[in-house]
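Reviewing the structure listed below.
FYI, it's all coordinate maths here, none of it is from the lab. Just so it is clear, the structure is predicted and the values come from calculations on it, not from any experiment. So basically every Cβ, Gly included, is an ideal-geometry build from the backbone, and we count neighbours across all protein chains shown.
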Amino acid sequence: MSTLLIAEDDATSRRIYRTFLEQEGFEVVDVGDGEAALEVLKNQQIDLLVTDVMMPGMSGIDLLVRARELKPELRAIVMTGSHTAEIALGALRNRACDFLCKPFHLQELTDTVHEVMSRNAETEIEVISDKADWIELRVPCDLAAVEPIQRFMAQLHDNLPQDTRDAISQVFREMLSNAIEHGGKLDRSKKVDVKYIRLKRAIIYSIRDPGEGFNLGDIEHAAVANPEDNPFRHMEVRQEKGLRPGGFGILLASQVIDELIYNERHNELIFVKYIDDSPASES
């Protein structure tokens, strides 16, 4: 049985989390602050740390830093109601496995815990650069890595209008999934390189997969290749090939992203979303 440690200063929330996770078959230890969490980590075998960020005395990010000193391979999930780039960067920097934004459904918590506990070392995301305006990640070719990365990256756009955040997030998710599935062939030993660059008036993403690239004329599984008289043809093709639902990446990007370019081999792309960095856009 896996043992979880919950660090949450709100006693009611802590009790609810513990009850639901125990019902899922986990052994749960819960504490109200970071110092108490460190004492547990020193004296007990803990498989997963689930920590709030805003706690008295020691933040969840500071707890994660010190927990890594005690147990470098400890798995961790960060929970927060403060959706800021600084917190997301702190979680990424200290190798949190996932990121939950409060308020969340309890089912989301239990699903995330199960998913994190099911991962192996090959699914770990490597952080190459964690500057606020230049983030670089090396991602294993495993679709299980897509959702947590998307949640982390979404926090970097917290000062943008909702429709802009949604557009960037949707395109990023689909393009990263394509790189993992088609470029990396779902081989966890292979990596996809992801870069996020924040300029004053633009957000740039670069995604490079380890594959041989593709020819735009040979992607019947993508929505962009659908004939005019059969706009859902790619869905039939994907089902025939046993591929996940999707295939809207290039089509979606062409509609909601300002610029999209590929290298000659078509195994690396850059997409750009221009933004208004004036104070009015941050309301």
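Within straight-line reach of Lys195, meaning a Cα separation under 25 Å, sit the following lysines at least 8 residues removed in sequence or on another chain: Lys131, Lys185, Lys273.
Which loop GluC sites (Glu not before Pro) in segment 25-120, with loop taken from DSSP, have no more than 13 other Cβ atoms within 10 angstrom of their Cβ? Here the sparse-neighbourhood loop sites are Glu73.
Each of Ala132 and Gln162 was given a label point 7 Å from its Cα along the Cα-to-Cβ line. The distance between the two points is 2.6 nm. Coupling constants for segment 258-269 follow from the phi torsions by the Karplus curve (6.51 cos²θ - 1.76 cosθ + 1.60, θ = phi - 60°), and in residue order they are 6, 9, 9, 9, 10, 6, 4, 6, 6, 10, 9, 10 Hz; glycine and proline get x.
Evaluated with a Cβ-only charge set (Lys, Arg +1; Asp, Glu -1), segment 1-152 carries a dipole of roughly 140 debye about its Cα centre, given to the nearest 20.
Inter-label distance, Glu147 to Leu106: 1.9 nm, where each label sits 7 Å from its Cα along the C-beta direction.
In this simple spin-label approximation, His266 and Met54 carry label points 7 Å from Cα along the Cα→Cβ vector, and these lie 4.8 nm apart. Annotation: the antiparallel percentage among DSSP beta bridges lying fully within segment 1-115 is about 0. Taking θ as phi - 60° and the Karplus parameters 6.51, -1.76 and 1.60, the scalar couplings of segment 79-91 work out to 10, 7, x, 9, 8, 10, 4, 4, 5, 4, 5, x, 5 Hz in sequence order, x denoting glycine and proline. Using the empirical formula 2.2 N^0.38 Å as the baseline, the Cα radius of gyration of segment 83-172 reaches a ratio of 1.08.
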